[in-house]
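Here is the structure we will look at, set down as structure tokens.
Nothing in this text is a laboratory measurement; each read-out follows from the coordinates by a stated rule. Everything numeric here is computed off the predicted structure, so don't read it as measured data. Note: ideal-geometry Cβ built from the backbone for every residue, glycine included; neighbour counts use all protein chains shown.
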Amino acid sequence: MNIIITSIDYILNRARANSLWPLTFATSCCGIEMMQTVASDNDIARFGSEIFRGSPRQADLLICAGTITHKMAPALLRLYEQMPEPKYVIAMGACTCGGGMFAETSYSVVKGIDKIIPVDIYLPMCPPKPESLIDAIRKLQDDIKKESILKRKDFLDAHCSRLTEYKGMLVEEDFVVTKLGVK
């Protein structure tokens, strides 16, 4: 039985890795660099990712490029939840990975999207070059080719979002229950 599952994993992972369809979520300067990867100089089509999707139901890779504010976080979470499984996330840019230059001075910036959704690849430059994004996609493809269906489920369970919406803001579930007394 183990041989059959291994063979199915191998075939599915090869097909899935070579046909990633990204969903664009660009909010600032990193979005310009992400758009450059589609241009003829870099040509992301060589890796099976040439069609950027406008609908989360047609995409399996979320490339989050740019600053994420607390007001925008529920929209990002909703888009992620609407994507079909298996879904992958690349956090592109220093602002996306950890708040960037706004981490210390701005109260409205999320200090890393890993507080909202699970991230597979971090690309923490300001802004990352198109070649870096292509390299991140190739590393993600290598990871997809090696993954097991059961291990992917464990990864997602370990990084499950503990955020909930309260009066239009995303807050941790413990904050809502203990501090506010609301359930």
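Some points to look at:
- Taking label points 7 Å from Cα along the Cα-to-Cβ direction, Glu50 and Cys126 give a separation of 3.6 nm.
- Cα-Cα P(r), region 2-148, percent of pairs per 10 Å interval: 12, 42, 33, 11, 2, 0
- Considering only region 2-148, percent of DSSP beta bridges that pair antiparallel, nearest 5: 5
- For region 34-86, convex hull of alpha carbons as volume per residue, Å³: 84
- Over region 48-123, equivalent-ellipsoid semi-axes from the Cα gyration tensor in Å: 23, 13, 10
- With a simple spin-label model that places each label point 7 Å from the Cα along the Cα-to-Cβ direction, the separation between Leu12 and Glu104 comes to 4.7 nm.
- Cleavage-rule hits (chymotrypsin sites (Phe, Trp or Tyr not before Pro)) in region 83-146: DSSP loop, at most 15 neighbouring Cβ within 10 angstrom: Tyr107
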